[in-house]
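Before any comments, here is the structure.
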Amino acid sequence: MVQLVSGRTQDDKNDSGLINVGYIGESFNNIPDGYQRLVRQKMLGVINQNYYEFFNPIDLEKSHADAMKKVFSEAKDSLTNNLSTLAKATELDYIFLTTMDNISEDTKRVMLKGEVVRYDTKANQLFRHEILSYAEDIDLHIKEIKIKMIDTIPHSIHTIGRNRTYLLAGIAIILAFAIGQSFSELSRYLSSGDGSDADTSPPVQN
């Protein structure tokens, strides 16, 4: 199973000053399931950054399935218009998608040919990164995608928005541990005596 990294829900998107980025998935042709999962894992890993709000394809499909299906099913010359429509419906500032074919004649090796597309809602423009390589070399493209298409996305004003729940939970755990340690030390101190009322002051020298 592909492990999806956590993303924001559609109800949380309207926080002022946040940059909203969504990955709507992939279009694959003749690519084995294992490599499909690999590509999705790699794409989720590189797009999900902590300086903007990320929305994963499963959550987006639940609320905008028809619009997403239209993006992948219609002709490429309609891609910008379809992504613009989807961006308005989802309130996303940037949308990513992947299309890939296996063009290898060797059944034991997968040769990926396709592209990763980033749609910029404000500029109404598409940015493309073309891929032509064996599947095992996908990390080389992931590094380029991060530099050219991810690191160039502006940071949200509220950079901890997506992770604030985890941050607060972490603080609570640390505080609980500190308090527990304090009580443990106090308990050991109180139990170190013999429990009697005898005078424990040092003897006075004559």
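The values are calculated or read from the model by the stated rules, or taken from the named source; none is laboratory data. Everything quoted here is computed from the prediction, not taken from an experiment. Neighbour counts run over all protein chains shown; Cβ positions are idealised from the backbone, glycine included.
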Original post:
Within region 123-132, is there a residue that is at negative phi, assigned to a strand (DSSP E or B) and out of contact with any strand residue (DSSP E or B) (no Cβ under 6 Å at 6 or more places or on another chain)?
Top reply: yes
Original post:
Has region 146-166 got any residue that is in the same structural domain as Lys42 (by TED's automatic domain parsing), more than 18 Å from Val21 (Cβ to Cβ) and of a type outside the set (S, T, N, Q)?
Top reply: no
**OP:** Within region 54-74, track down each residue that is under 25 Å from Lys146 (Cα atoms) and either in a helix (DSSP H, G or I) or at pLDDT below 95 (or both).
**Re:** Pro57, Ile58, Asp59, Leu60, Glu61, Met68, Val71, Phe72
**OP:** Give the residues of region 75-122 that are surrounded by 22 or more Cβ atoms within 10 Å (Cβ to Cβ) and in a helix (DSSP H, G or I), sorted by residue number.
**Re:** Leu83, Leu86
Subject >> Output for region 32-47, where each listed residue is over 26 Å from Pro154 (Cβ atoms) and either touching a residue at least 60 places away in the same chain (Cβ under 8 Å) or among the acidic types (Asp, Glu) (or both) >> reply: Pro32, Asp33, Tyr35, Leu38, Val39
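Is it true that some residue in region 31-44 is of a type in the set (Val, Ile, Thr), in a strand (DSSP E or B) and modelled with pLDDT of 95 or more? Before the answer, list the steps.
Of all residues in region 31-44, those of a type in the set (Val, Ile, Thr) come to 31, 39.
Of the ones still in play, those that are also in a strand (DSSP E or B) are none.
No, region 31-44 contains no residue that is of a type in the set (Val, Ile, Thr), in a strand (DSSP E or B) and modelled with pLDDT of 95 or more.
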